[in-house]
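Enquirer: What follows is a single structure, and I will ask about it in a moment.
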Amino acid sequence: MPNRRTVDVEVIVTVEEGDLPEMHRIAAQLVAAGLKLEATLENIGTITGRAEPACLDRLRCVQGVHAVEPCGEVKIAPPDSDIQ
């Protein structure tokens, strides 16, 4: 049987307002829970990274985390398309 690897999803982690001073601690705990850290955006209280879908619930359980959401994709129609 072939070894199936799961594909990581990009996630945005929103930190609780009262825990903003603890962003680096929270980021370290998210990494320990399976997040592959990409950026810690202290000014907006957000941490970005990639994770296996199976570990998203662990990320949500980290103290100080308000939400863990998969990144969405935005597509804009070209200027000459019928839909604007």
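Enquirer: Could you give the C-alpha radius of gyration of the chain expressed as a fraction of 2.2 N^0.38 Å, taking N as the number of residues it contains?
Expert: Ratio of Rg to 2.2 N^0.38 Å for the chain: 1.35.
Enquirer: Name the residue farthest towards the positive end of the dipole of region 17-70 from the options 30, 54, 70, assuming +1 on Cβ of Lys and Arg, -1 on Cβ of Asp and Glu, about the Cα centre.
Expert: Among 30, 54, 70, the one farthest towards the positive end of the dipole of region 17-70 is 54.
No value in this document is a laboratory result; all are computed from the given coordinates. This one's a predicted model, so the numbers in the text were calculated from it and none came from an experiment. Reconstructed Cβ throughout: ideal geometry from the backbone, glycine too, with neighbour counts over all protein chains shown.
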